Every structure is written in C-alpha cells, then in structure tokens.
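The next block holds one structure in the form of structure tokens; read it before the comments.
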Amino acid sequence: MADTIEKQTSEKKKQRKPSQVKNPLKNERILVKPVIWTSKNFGKQHSANWQFDNTGLLITVKADPNTGMLKEPLSKDEREFFEDPSRHNEHRLTFGKGDLSVRKKEDNYWEEYEYRLRKQSDGSLDEEEILDELDLSKADDYFKYKVLLTNSGPKGIVAEGWGNRYSRGTNKLVLVSEGAKHVDALNKANKMKEVNKFFYSIDNSSEKLFDFLNVFYLENKDYNQPPSDAGHDWYVAEMQKLVDKRPDDILKIIKNEDDYQMKILVHRAIKNGILTFNGRTGIDDTATGKPLGSDISDVIKFLKQDKNQSYLLKIKGVLNKDKE
C-alpha cells in the first residue's frame with residue numbers, strides 16, 4: 001500500500017504543470033547609455049566625460065536608504081517564475097524555491113551579484129554611445145535590467161527614459177527602450193535641421209559667426225573665447241565643430257530670438273568695454289564696477305526690467321555711436 005502511494009506521488013510530481021504566474025520575459029531590448037555631464041574641468045570632449053579610460057562601473061543591488069537592506073530586484077511573481085523547476089531547461093536556470101529572495105540567510109544570490117560596464121573605447125564618449133544592449137527575453141539580461149532598476153531611486157545612478165537623464169545629479173546611466181530609439185532618431189534629425197538652418201543663416205558673415213562664438217563662450221565655461229582676428233574660414237570651421245558635437249548647447253542659445261539678440265548686445269558691450277566679463281564672478285558695469293548678474297542670462301533679465309531701460313538705451317547708444 002505504501003509503495004502504491006509513493007508511486008502515485010511520484011507520478012503526480014512528473015505530471016505537475018508549470019506555475020501559472022505570467023512569464024515576465026518579453027521581446028524587448030533596453031539600451032544602456034552613458035549620462036554625460038560637463039563642468040569647468042570636464043567638458044563634453046574630455047576623455048573622462050564618462051568614466052576614466054580603462055575603468056568600469058560596477059552595478060550591484062542597491063540598498064534601501066531608509067532600512068539599509070537590499071532592495072528586492074524581482075517581484076514575488078517573478079521570483080516564483082524563475083524558481084520554478086519546470087523553467088530550468090528552457091531558460092538555463094538552477095534556482096530552487098526561495099533562492100531569489102533578497103532576504104535569504106545563506107548563499108544569498110543578490111549579495112554576490114555584480115554587473116560591470118566597462119568603458120570600451122579610449123577618449124570621450126558621445127551621449128548616443130551604447131554601453132550595453134539588454135535582451136529582456138533572456139533571463140540573464142532581465143536580471144541585469146532589474147538590478148539596474150534598483151539603482152534608479154533617490155540618489156541613484158540610473159535614469160529611466162532619455163528625457164530623464166538629467167533628472168538627478170547622481171545619474172551615470174540612462175535606460176532607453178529600443179523602440180524609443182526611433183523616436184530619439186527623429187528628434188535628433190529635427191534638432192540638427194534647426195541647428196543647421198541657423199548655421200546656414202550666418203555662415204557668410206564673419207561678424208555674425210564671431211558674435212555667436214562669443215555668446216557661446218559666455219554661456220559655456222568649458223569653451224575658450226574665440227580670437228578676434230582668426231578670419232572667416234576659422235570661424236566657419238569652429239562653428240561646424242559645435243554643430244557636429246554640441247547641437248544641444250547651440251539650441252539653448254538660439255531658441256529665443258529676442259534673447260539671442262540681447263546676448264549679442266551683451267557680448268558687444270563687453271567687447272567695447274562697456275561691460276566687463278569675469279569668469280568667476282559674472283558680468284559688471286565697467287564704469288561703476290556694479291555687478292549686473294552672475295551670467296549672461298542674469299544680465300538679460302536685468303536689462304529687460306522696466307527700471308533699467310534707460311541703462312539699456314545707454315548701452316545701445318554707445319554701441320551705435322562706435323559703429324558709426
């Protein structure tokens with residue numbers, strides 16, 4: 001009788017169906033891209049704009065800052081799916097029940113988990129660089145993705161979605177769905193169309209090119225002031241470099257035509273000695289030493305105020321007189 005019961009139990013185990021939890025794996029690819037930050041010491045073209053050469057970024061399961069305990073990378077249903085023995089052959093898994101819980105006391109899988117992103121090329125990285133491509137139909141890549149997401153909370157290093165890459169100063173990586181890549185490509189094409197349209201509108205004028213490059217210098221501390229006697233060909237070549245490598249920074253300057261004309265006014269006032277630009281403190285009135293703002297945007301706000309219109313007219317008057 002005992003042998004019969006044991007045999008029946010064994011047969012039931014063999015016939016046991018996989019758990020009915022939904023398969024979390026999906027036919028989707030996630031692109032892991034660098035978040036490029038700039039500073040006075042590290043411009044966009046600096047070799048260490050994302051990690052130093054021959055170094056890597058080690059990704060582990062992030063701890064919850066409130067509890068100090070590791071975050072659960074997988075949901076309850078996801079753990080049940082990957083721990084199901086019936087899935088092992090299909091997905092090359094060897095986990096048993098409870099093995100994927102971050103609370104496991106011994107041989108905790110997540111405590112030892114490491115995912116390393118290495119900087120593959122020397123020199124600076126472009127923001128479009130793909131550091132890794134994760135196929136979410138594969139368990140290994142799915143685990144990498146879920147561990148990355150544990151690092152996306154407050155003070156985390158991972159941003160979700162291209163538009164959120166600068167949402168936190170601590171971000172080092174951004175996750176972009178491959179499907180969204182086509183939208184990004186379209187946005188980039190439109191952006192380049194606008195930037196090139198502006199470039200073509202000024203490329204025949206040395207004065208206009210020189211004006212723009214100086215405004216760019218005033219707004220970007222990592223850019224050197226252009227020489228006043230470089231010549232037309234040099235200005236065109238320098239502008240082309242910015243179009244190719246820094247279109248976003250160009251758009252920030254030209255997106256508002258009225259403000260851009262004011263920026264040119266400030267540049268010319270500095271060139272003519274009416275205003276003084278100090279890279280550390282800002283822009284001052286040369287005659288009185290009075291500070292007008294910490295940067296060119298502050299000065300424009302100052303000049304737009306009703307109470308300062310007489311001062312603005314004074315600057316325009318001096319510039320028009322010098323032009324005559």
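The numbers here are math on the coordinates, done by the rules we state, and not lab data. Remember, predicted model here, so these are calculated numbers, not experimental data. Neighbour counts are summed over all protein chains in view; Cβ atoms, including those assigned to glycine, are modelled from backbone coordinates with ideal geometry.
Compared with the direct C-alpha span, the chain from Tyr166 to Gln225 gains 18.5 nm at full extension, assuming 0.36 nm per residue.
How about segment 85-139: which trypsin sites (Lys or Arg not before Pro) there lie in a loop by DSSP and see at most 16 other Cβ atoms within 10 Å? Walk me through the numbers on the way to the answer.
Working: sites: Arg87, Arg92, Lys97, Arg103, Lys104, Lys105, Arg116, Arg118, Lys119, Lys138; in loops: Arg92, Lys97, Arg103, Lys104, Lys105, Lys119, Lys138.
Hits after loop and neighbour filter: Arg92, Lys97, Arg103, Lys104, Lys105, Lys138.
According to the Cα-based calculation, Rg over Rh for segment 229-294 is 1.05, with Rh computed by the Kirkwood formula.
If you keep only loop residues by DSSP, which trypsin sites (Lys or Arg not before Pro) in segment 269-324 have at most 14 other Cβ atoms within 10 Å of their Cβ? Passing sites in segment 269-324 are Arg280.
Diffusion of the chain by Stokes-Einstein, at 37 °C in a medium of 0.692 mPa s and with Rh set to the Kirkwood radius over alpha-carbon pairs, works out to 134 µm²/s. For the chain, the 222 nm mean residue ellipticity estimated from helices alone, with every DSSP H stretch of n ≥ 4 adding -39500 (n - 2.57) and the total spread over all residues, rounds to -13500 deg cm²/dmol.
Residue separation of Lys22 and Ser137 scaled by 0.36 nm, minus their Cα-Cα distance, works out to 40.1 nm of gained length. If R0 is taken as 30 Å, the Cβ-Cβ distance between Arg118 and Lys193 corresponds to a FRET efficiency of 0.30. Between Gln261 and Glu80, the simple spin-label model (points 7 angstrom out along Cα→Cβ) gives 6.7 nm. Once both labels are positioned 7 Å from their Cα atoms along Cα-to-Cβ, the gap between Lys304 and Lys97 label points is 6.6 nm. Coupling constants for segment 54-66 follow from the phi torsions by the Karplus curve (6.51 cos²θ - 1.76 cosθ + 1.60, θ = phi - 60°), and in residue order they are 6, 10, x, 10, 8, 9, 10, 5, 7, 7, 6, x, 7 Hz; glycine and proline get x.
Evaluating 6.51 cos²θ - 1.76 cosθ + 1.60 at θ = phi - 60° for every residue in segment 22-28, the Karplus couplings come out as 5, 5, x, 5, 8, 7, 8 Hz, glycine and proline recorded as x.
The H on the amide N of Ile59, modeled in the peptide plane, is under 5 Å from the matching H of Tyr115, Arg116, Leu117, each at least 5 residues off or on a different chain.
Here the convex hull built on the C-alpha positions of segment 192-323 has a volume of 108 cubic angstrom per residue. Comparing mean-square fluctuations of Ala287, Ala237, Ala139 from a GNM of the chain with C-alpha springs under 10 Å, the top value falls on Ala287.
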